[in-house]
Amino acid sequence: METLSAVWHALGWPLCRLLLGLALGLLIANTLEALRWTRHLARLARPLARVAHLPPVAGAAFALAFVSPASANGLLSERHEAGEISRRELMLANIFNSLPAFLTHTPTIFFLTWPVLGSPAIIYVLLTLLAAVLRTGGLVLAGRLILPLPAPATEAPGESGGTDWRAACAKAWKRFVRRLPKLVYFTVPVYVLMYVLQRYGYFTAAEDWLARHMDWLSFLKPQAVGVIVLHLAAELGAALGAAGGLLQTGGLTPQDVVLALMVGNILSTPMRAIRHQLPSYAGFYRPALALRLILVNQGLRALSMALVAWLYWLIVC
């Protein structure tokens, strides 16, 4: 049996941090909406959103995602529940945010990989960035084909006047308090379920199954397959350590390391999506909708990463 201290450090504290982050993102989104600053954010991405036939709120969420992906999700969730954007527009807007959401994590990824790998880290980060750009570009094209051109945004009466900060903050707080219980009710059970599945080895069993069925990776060196297995079993840190050691001893070339990390990233997508994203999304969207958004977003992410990895393999091999 685990002690209360162990459960707190493994479950309680991470869950509190997650809830705090989601609540902060929701409060920021509500405050921006109440202050009507979203229309200023929307102007930053208006040309691209208009090309994609996305509503102005999608442009605002795109700009906001550069600062806080959670706040961007909170904004889209609010507007979807208010009936201002359809489910199709929500789906496309969520994919639209993949580029800024990726860029918020790029410095962390780079400074984690650079000290271990050196120049291959630059190639790896650039390839993952290219995949994000391809997803956003594909979304713009898809939106232009399947969505009607949205009506021009118009200011509501009184929007051009001064901002009543007290009234806006009171309105934002009222919305936040109304949404907070739902965020907690959906996030906590999903996160606890993920913890139980992790604690009793279900994720490890799935990762072991994937690791045993890698015959189709025969185009890679056996050492590279080992890096991929570590990426599946222990996330990026262990894979980087193994890749760095093999790179220094000559067991793998820089091209082998980049391909191994790309393939490991792709294969770890299902586990990462369920383990990390589902609890966050469940706080903003209904569980079925949250799962659908994650499956579409992560499926397109894996597809774009596979395409980029394949192009890289064609070039270097």
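The values are calculated or read from the model by the stated rules, or taken from the named source; none is laboratory data. Keep in mind it's a predicted model, so treat the numbers as computed, not measured. Quick reminder, even Gly has a Cβ in these numbers, built from the backbone with ideal geometry, and neighbours come from all protein chains shown. Ligands, DNA and RNA are stripped out before the accessible areas are found, and what is left, the full protein with its side chains, is counted by its heavy atoms. Shrake-Rupley method; radii C 1.70, N 1.55, O 1.52, S 1.80 Å.
Counting charges near ARG301 (Lys, Arg +1; Asp, Glu -1) among other residues having Cβ under 10 Å from its Cβ returns a value of +2. Computed from label points 7 Å out along Cα-Cβ, the spacing between LEU141 and HIS276 is 2.8 nm.
Solvent-accessible surface of region 238-317, taken per residue with a 1.4 Å probe and all protein chains present: 41 Å².
Between TYR185 and TRP173, the contour length at 0.36 nm per residue exceeds the alpha carbon distance by 2.4 nm.
The H on the amide N of LEU252, modeled in the peptide plane, is under 5 Å from the matching H of LEU247, each at least 5 residues off or on a different chain.
The order of the peptides 107-116, 85-94 by mean Cβ neighbours within 10 Å, most packed first, is 85-94, 107-116.
Ordered from largest to smallest accessible area (heavy atoms of protein chains, 1.4 Å probe), the residues LYS182, LYS174 come out as LYS174, LYS182.
Stretching LEU193 away from ALA288 to a fully extended chain increases their span by 32.6 nm, per 0.36 nm per residue minus the current alpha-carbon distance.
Between ALA205 and LEU303, the modelled label-to-label distance comes to 3.1 nm, taking each label 7 Å out from Cα in the direction of the beta carbon.
Applying 1/(1 + (r/R0)^6) with R0 = 51 Å to the Cβ-Cβ distance of ALA82 and THR253 gives a FRET efficiency near 0.45.
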